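Notes follow once the structure below has been shown.
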Amino acid sequence: MSVRATELELAEPYLRQVLASAGLDVGYEAADGDILYRLDENNQRVPVLDLVGGFGSLILGHNHPEIISYAKELLDSHVPVHAQFSRHPYANELAAELNKVIGREFHTDEPYYAVFANSGAEAIEIAIKHVEFDRFVKLSELSGDIAAHIDTARTQLRGGHAVVDPGAYAAAGIVAPADQEAGFEELVAEVNRRNGELLARPPLFLAPEGSFHGKLVGSVQLTHNPSVRVPFKSLAAQARFIPADDPGAIRKTIAQEQNAALLDLTLDGRTVTVTERQFPVFAAFFLEPIQGEGGINLITQEFAEEVRHVSEEFGFPVVVDEIQSGMGRSGAFFAASHIGLHGDYFTLAKSLGGGIAKISVTLIRASRYRRDFEIVHSSTFAKDGFSTNIALKTLGLLEAADGRAYRLAAERGSRLKAMLEAVQADFPDVVKDVRGRGLMLGVEFHDQSESASEPIRETARAGFFGFTLSGYLLRAHHVRAFPTGSAINTLRLEPSIGLTDDQIDQVEEAFRAACTLLREQDGQRLTQG
């Protein structure tokens with residue numbers, strides 16, 4: 001007799017087993033603010049302080065009352081969700097409001113066009129597609145120019161008005177023939193062959209080490225963590241990763257790759273010569289102002305300035321990923337504004353949906369925008385009346401009272417960080433670093449792979465220490481925090497602007513207790529208590 005499907009664990013069962021091994025496979029039935037509620041063995045609600053915050057999606061907390069009320073209004077009004085290929089005034093209004101923020105924080109009046117999607121990874125995919133579409137158009141125009149130059153040179157040569165420079169053959173790597181016209185056609189064939197090979201090469205992207213931009217086919221190539229990127233390496237264009245503490249490495253990396261040029265045949269007076277045209281090897285530089293999954297690392301102003309200088313010199317755009325760090329989490333709407341990193345593209349998602357709607361947007365500087373992209377790219381669910389109106393409401397709440405929410409993020413983050421630094425000061429043998437900005441903080445613990453405690457040592461060697469620590473905090477202190485995806489010893493804290501002093505005290509008690517167990521190497525209580 002076969003087992004019925006409803007009796008099987010079919011929704012990512014292996015992931016649940018992994019979570020269960022650390023005591024993290026907890027179900028929640030309700031949520032408000034920074035609290036998730038689970039049921040205990042007596043079917044009683046137990047509040048859990050949620051520092052995960054939807055991986056940065058809850059700058060206003062779970063189920064913010066004004067957003068919930070507005071969502072009900074929208075649904076009761078039968079707002080259209082599926083009205084594709086029609087006018088979407090609410091999406092245009094959202095784009096306009098986001099442009100006001102860009103203008104304020106980056107002191108610019110150049111507009112940014114908005115392309116909407118449903119998730120952060122999709123916003124990155126849009127940016128990848130758009131920068132490559134732009135590169136494709138430019139290469140098509142350049143190829144057209146080269147073809148026109150060849151036709152002009154051919155006409156002048158056949159009319160006896162021009163000759164081929166003997167050095168042109170050497171420049172193309174062929175021997176100069178005796179017959180001028182036949183030699184010219186041989187030269188053209190070699191130029192076309194070499195250009196064809198070059199034009200067939202996929203683009204390269206640049207990103208800092210530790211970066212994370214998603215796990216879709218394109219975005220995963222920009223994610224530094226090899227465990228999630230390498231299995232899919234052959235599916236899309238590749239990235240070159242730069243040490244984030246070495247701005248000079250950007251130019252070195254470009255110099256290693258920028259080793260080819262398109263060949264053009266041009267007339268210098270009456271002489272046909274071979275000239276080189278720059279081939280755009282790199283399509284864009286992608287970076288997060290504050291790396292989330294990479295371990296809560298802040299990009300320095302020095303690195304950001306070098307990125308801008310190099311991008312302008314070589315002509316490729318800068319894509320600033322604010323999916324996790326944006327929407328006020330850093331104490332400003334855009335974390336990039338703290339370091340003066342004015343992007344050609346900005347991506348937003350997560351908190352843009354106010355904690356309930358799935359929405360993202362890619363904002364593209366007008367001078368970079370290709371309007372034909374709107375024809376070659378589309379999305380069934382993007383730009384709908386529900387999610388864009390919710391995003392408008394969320395943006396309004398953040399901008400209210402002259403940006404009070406941003407001041408709260410800075411103040412609450414400063415209070416939380418000061419507490420964590422005090423814990424580090426008392427446990428320097430346990431806590432290696434506390435870093436971040438605003439309400440995007442990371443606590444890095446010292447490596448425990450040589451721990452005297454076997455349970456601690458084994459979980460650390462298995463790359464599971466951060467989850468073990470998370471399990472202890474949840475079981476013993478009802479505090480929910482997870483390690484970052486690519487820095488397994490760093491716990492990430494991203495609560496809402498509603499975080500209270502009492503809740504910060506609860507976090508302090510939990511972290512001090514965990515640090516005490518690690519100092520005492522009490523693996524039994526840490527892993528099972």
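Values quoted throughout were computed directly from the atomic coordinates according to the rules given, and no laboratory measurement underlies them. Owing to the predicted nature of the structure, the values given are computational and were not obtained by experimental measurement. A quick note on method: Cβ atoms are made from the backbone with ideal geometry, for glycine too, and the neighbour counts reach across all protein chains shown.
The slack between ILE375 and PHE136, meaning 0.36 nm per residue of separation minus the straight C-alpha distance, is 84.5 nm. Straight Cα distances below 23 angstrom link LYS417 to the lysines LYS350, LYS432, with same-chain residues fewer than 8 positions distant left out.
Available extension along the chain between GLN238 and GLN524 is 98.5 nm, counting 0.36 nm per residue and deducting the alpha carbon span.
Here region 1-148 is treated as a Stokes sphere of Kirkwood radius computed over C-alpha pairs; at 10 °C and 1.306 mPa s its diffusion coefficient rounds to 75 µm²/s. Applying the Kirkwood pairwise sum to the alpha-carbon positions of region 254-306 produces a hydrodynamic radius of 14.9 angstrom. Just to compare against my own numbers: the Cα pair-distance distribution for region 402-529, 5 Å bins, whole % per bin, please. For region 402-529, the pair-distance distribution reads 2, 11, 21, 25, 20, 10, 6, 3, 1, 1, 0. Close amide H contacts of ILE242 (hydrogens built in the peptide plane, cut-off under 5 Å, sequence separation of 5 or more or a different chain): ALA207, GLU209.
Take peptides 98-111, 511-524 and line them up by average Cβ neighbours within 10 Å, highest first, as a rough protection proxy.
Numbers: 98-111: 15.5, 511-524: 18.4.
The densest-packed peptide leads the list: 511-524, 98-111.
Per-residue Karplus couplings for region 506-513, computed as 6.51 cos²θ - 1.76 cosθ + 1.60 with θ equal to phi - 60°, are listed in order as 5, 5, 4, 4, 5, 5, 5, 5 Hz, Gly and Pro entered as x.
When Rg and Dmax are taken over the Cα atoms of region 302-381, they come to 14.3, 42 Å.
Model label sites at ASN92 and TYR28, defined 7 Å from Cα along the beta-carbon direction, differ in position by 3.9 nm.
The phi-based Karplus calculation (6.51 cos²θ - 1.76 cosθ + 1.60; θ = phi - 60°) puts the 3J(HN,Hα) values of region 61-70 at x, 5, 6, 4, x, 5, 6, 4, 4, 5 Hz, whole numbers, x for Gly and Pro.
Based on alpha carbons, the Rg and Dmax found for region 182-326 are 18.8, 63 Å.
Calculate, in nm to one decimal, what SER414 and HIS161 gain on full extension: separation in residues at 0.36 nm each, minus their alpha carbon distance. Before the final figure, lay out each step's value.
On the way: separation 253, 0.36 × 253 = 91.08 nm, distance 7.48 nm.
Stretched out fully, the SER414 to HIS161 stretch lengthens by 83.6 nm.
For the chain, the Kirkwood radius over C-alpha pairs fed into Stokes-Einstein at 10 °C and 1.306 mPa s yields D = 61 µm² per second. With both labels modelled 7 Å from their Cα along Cα-to-Cβ, the THR516 to ALA261 distance reads 6.9 nm. In order along region 375-383, the phi-based Karplus estimate (6.51 cos²θ - 1.76 cosθ + 1.60, θ = phi - 60°) of 3J(HN,Hα) comes to 8, 8, 10, 7, 8, 5, 9, 5, 6 Hz; Gly and Pro are listed as x.
Listed by chain and number, the lysines whose alpha-carbon sits under 30 Å from that of LYS252, ignoring those within fewer than 8 places in the same chain, are LYS129, LYS138, LYS215, LYS233.
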